[in-house]
Amino acid sequence: MKRIRLAGQLAEPISHYTDGVEAGGFLYISGMLPMDAAGELVGLGDVIRQSEQVLDNVGAVLTAASASFHNVVRVGVYVRHMADRELINTVRRRYFGDSRPASTLVEVSALAHTEALVEIEAVASLSRRDG
């Protein structure tokens with residue numbers, strides 16, 4: 001098992017967790033918020049910009065594990081407003097391309113940062129098979 005912590009590249013976790021864990025041929029990526037490396041919220045009130053930052057953060061963990069969005073097999077998406085679903089999906093399409101992971105989308109009353117509109121967690125297969 002390998003724990004991935006991208007200190008200096010991603011914000012310091014706000015609780016007792018790490019950015020990602022490689023185990024059993026999979027990469028488990030913690031829920032990412034729209035935070036920059038300094039821990040500042042990106043895109044206040046802008047769900048598209050926040051989604052981009054969240055997926056940039058997910059991408060950084062994927063890259064650290066020599067993986068890409070093509071390797072992602074599942075995402076969990078937590079949104080403050082279900083009405084933002086399609087806006088978030090436009091961003092997801094740009095990052096994932098033709099790759100379509102299994103997905104859960106849930107509207108929540110709050111996220112760990114009070115101004116965050118979206119949080120995404122992911123699981124990636126580290127096998128190199130196409131599929």
Exercise for review: Roll a 1.4 Å probe over the protein chains and send me the accessible area per residue for the chain in Å².
Suggested key: 54 Å²
Study note, to complete from the structure: Applying the gyration tensor rule to the Cα atoms of the chain (axes a ≥ b ≥ c; rounded if a/c under 1.5, else prolate if a/b exceeds b/c, else oblate), the class is oblate
Point to revise | Summed residue charge, Cβ within 11 Å of residue 113's Cβ, Lys/Arg positive, Asp/Glu negative | key: -2
Study note, to complete from the structure: For the chain, the percent of accessible surface on carbon and sulfur atoms (probe 1.4 angstrom, ligands and nucleic acids excluded) is 51 percent
Point to revise | Calculated from backbone phi, Karplus (6.51, -1.76, 1.60) coupling profile of segment 93-101 in Hz, x at Gly/Pro | key: 4, 5, 7, 8, x, 6, 6, 10, x
Study note, to complete from the structure: Given backbone amide H placed at 1.01 Å from N, residues whose amide H is under 5 Å from that of residue 74, ignoring those fewer than 5 places away on the same chain, are 102, 123
Check your understanding: For segment 25-31, what does the Karplus curve 6.51 cos²θ - 1.76 cosθ + 1.60, with θ = phi - 60°, yield as ³J(HN,Hα) per residue in whole Hz, taken in order and with x for Gly and Pro?
Key -> x, 10, 10, 9, 9, 4, x
Review point. Under a Cβ-Cβ cut-off of 9 Å, what is the net charge of the residues other than residue 75 that fall near it, where Lys and Arg count +1 and Asp and Glu count -1?
Key: +1
Practice item. For segment 63-75, just list the computed ³J(HN,Hα) in residue order, Karplus coefficients 6.51, -1.76 and 1.60, θ = phi - 60°, integers in Hz, with x standing in for Gly and Pro. Key: 4, 4, 9, 6, 10, 9, 4, 4, 7, 6, 9, 7, 10
Revision key, fill the gap. Descending packing, highest mean Cβ count within 10 Å first, for 102-115, 73-86, 25-38 is 25-38, 73-86, 102-115
Check your understanding: Shape call for segment 1-53 from the C-alpha gyration tensor, a ≥ b ≥ c root eigenvalues: rounded (a/c under 1.5), prolate (a/b greater than b/c) or oblate?
Key -> prolate
Review point. So how far apart, in nm, are the two label points at residue 85 and residue 70 if each is 7 Å from Cα heading toward Cβ?
Key: 3.0 nm
Practice item. Determine, from the Cβ-Cβ distance of residue 12 and residue 114 and an R0 of 22 Å, the FRET efficiency 1/(1 + (r/R0)^6), rounded to the nearest 0.05. Key: 0.80
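The values are calculated or read from the model by the stated rules, or taken from the named source; none is laboratory data. Keep in mind it's a predicted model, so treat the numbers as computed, not measured. No Cβ is skipped: glycine too gets one built from the backbone with ideal geometry, and neighbour counts run over all protein chains shown. We work out accessible area using only protein heavy atoms, side chains counted, and drop any ligands, DNA or RNA first. Shrake-Rupley method; radii C 1.70, N 1.55, O 1.52, S 1.80 Å.
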